[in-house]
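**Student:** This is the structure, below, for whatever I ask next.
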Amino acid sequence: MTLRTGLFLGGLVLALTGTFLFLLTPIAALLLQVPPRDLPTLLRDTAVSSALLVSLKTNLIANILFLTIGTPAAYLIALGRFRGRPLLVTLIELPLVLPPAVAGIALLTAFGAFGLLGSTLASMGVVLPFTQVAVVIAVTFVAAPFYLRAAISAFVALDRTQLDAARDLGASEAVVFRRIALPLAADALRAGWAMAFARGIGEFGATLLFAGSVARLTETLPLAVYAQLDVNLNSAVAVGLLLLVISGGVLLVAKLPPLWSPAAPSSTAGGW
């Protein structure tokens with residue numbers, strides 16, 4: 001090994017060490033802040049348990065929405081060939097780069113009492129801001145683009161010959177989507193869902209502006225962290241640790257071995 005090669009490898013190791021320490025030090029500090037024996041008591045606090053329930057409920061509904069609607073929408077965008085497709089994808093990705101405060105203001109101007117659609121909804125007796133429905137909308141708005149982006153990329157990467165072979169054997173488009181496309185894209189879809197769920201469970205800014213932080217109604221776990229900072233630092237840290245565990249679990253789910261395998265096409269059209 002030459003001196004130049006050794007210096008280069010040393011620089012790589014130094015860069016890796018610095019990156020690792022920088023990213024892991026705050027997490028280690030969070031883990032060491034509160035003694036483990038105190039965590040059960042802190043997490044049993046009414047404010048924490050209610051925030052956990054609100055977060056789980058609203059995120060579950062938001063996930064169902066963008067999975068059931070977003071998956072076929074991403075499939076159509078990925079396989080479709082139509083004018084304006086790049087612009088459509090860009091607009092779908094736009095919430096990814098919006099600052100959280102801007103996302104919240106956008107939701108208010110759309111669905112607030114005097115917003116683009118809010119005034120019409122209000123005349124029908126539907127008020128969205130500062131309700132749990134507003135939390136669901138905020139979570140869906142900021143999290144869905146993560147899933148849609150991953151889903152579009154997953155479907156674009158599919159081997160078109162396998163899809164065409166299924167069609168040649170008599171499979172309908174619905175069957176091709178359900179039995180060929182979905183299984184082939186399953187791993188990428190799961191990874192995209194994990195990122196979307198982690199983004200949604202940690203959503204703060206848009207939720208605060210659009211849904212507020214009302215205890216037992218719209219206060220989610222991130223909002224509870226903010227609220228507890230002025231009351232009890234250890235309680236805020238405990239909620240942060242709970243979010244850390246949830247996020248870590250989601251990342252592990254994203255890295256699980258493949259759960260689906262594509263169904264083998266029948267040699268006859270009747271096999272579908």
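**Student:** Name the one entry in V54, V48 that is modelled with pLDDT of 95 or more, surrounded by 13 or more Cβ atoms within 10 Å (Cβ to Cβ) and either among the hydrophobic types (A, V, I, L, M, F, W, C) or more than 20 Å from G202 (Cα to Cα) (or both).
**Tutor:** Within the list V54, V48, the selection yields V54.
**Student:** Do we find that P183 is more than 18 Å from the chain's Cα centre (by Cα) and not in a helix (DSSP H, G or I) in this structure?
**Tutor:** In short, no.
**Student:** Among the residues of region 22-41, is there at least one that is within 20 Å of the chain's Cα centre (by Cα), part of a helix (DSSP H, G or I), surrounded by 10 or more Cβ atoms within 10 Å (Cβ to Cβ) and hydroxyl-bearing (S, T, Y)?
**Tutor:** no
**Student:** Give region 79-109 a look and list any residue that's more than 22 Å from P129 (Cβ to Cβ), surrounded by 12 or more Cβ atoms within 10 Å (Cβ to Cβ) and over 18 Å from the mean Cα position of the chain (by Cα), or say none.
**Tutor:** Those that are more than 22 Å from P129 (Cβ to Cβ), surrounded by 12 or more Cβ atoms within 10 Å (Cβ to Cβ) and over 18 Å from the mean Cα position of the chain (by Cα): L79, R85, L88.
**Student:** Which residues, counting only those in region 164-219, are without any contact (Cβ under 8 Å) to a residue 24 or more places away in the chain, under 21 Å from P72 (Cα atoms) and not acidic (D, E)?
**Tutor:** R167, A174, V176, R178 - these are the residues of region 164-219 that are without any contact (Cβ under 8 Å) to a residue 24 or more places away in the chain, under 21 Å from P72 (Cα atoms) and not acidic (D, E).
**Student:** Among the candidates A185, A165, single out the residue that is modelled with pLDDT under 95 and crowded, with 23+ Cβ neighbours inside 10 Å.
**Tutor:** One residue alone meets the criteria, A185.
**Student:** Follow-up. Is it the case that region 45-57 has a residue that's closer than 21 Å to F197 by Cβ, part of a helix (DSSP H, G or I) and touching a Pro at 6+ places or on another chain (Cβ under 7 Å)?
**Tutor:** No, because not a single residue in region 45-57 is closer than 21 Å to F197 by Cβ, part of a helix (DSSP H, G or I) and touching a Pro at 6+ places or on another chain (Cβ under 7 Å).
**Student:** Out of the residues in region 228-245 meeting the condition of being buried (at least 18 other Cβ atoms within 10 Å of the Cβ) and in contact (Cβ under 8 Å) with a residue 60 or more places away in the chain, tell me which one is nearest to T71 (Cα to Cα).
**Tutor:** Going through the qualifying residues, I end up with L242.
**Student:** Further question: Given the condition without any contact (Cβ under 8 Å) to a residue 40 or more places away in the chain and closer than 30 Å to V176 by Cα, answer yes or no: does some residue in region 91-102 qualify?
**Tutor:** Yes, because at least one residue in region 91-102 is without any contact (Cβ under 8 Å) to a residue 40 or more places away in the chain and closer than 30 Å to V176 by Cα.
The values are calculated or read from the model by the stated rules, or taken from the named source; none is laboratory data. Just so it is clear, the structure is predicted and the values come from calculations on it, not from any experiment. Every residue, glycine as well, gets a Cβ built from its backbone with ideal geometry; the counts of neighbours run over all protein chains shown.
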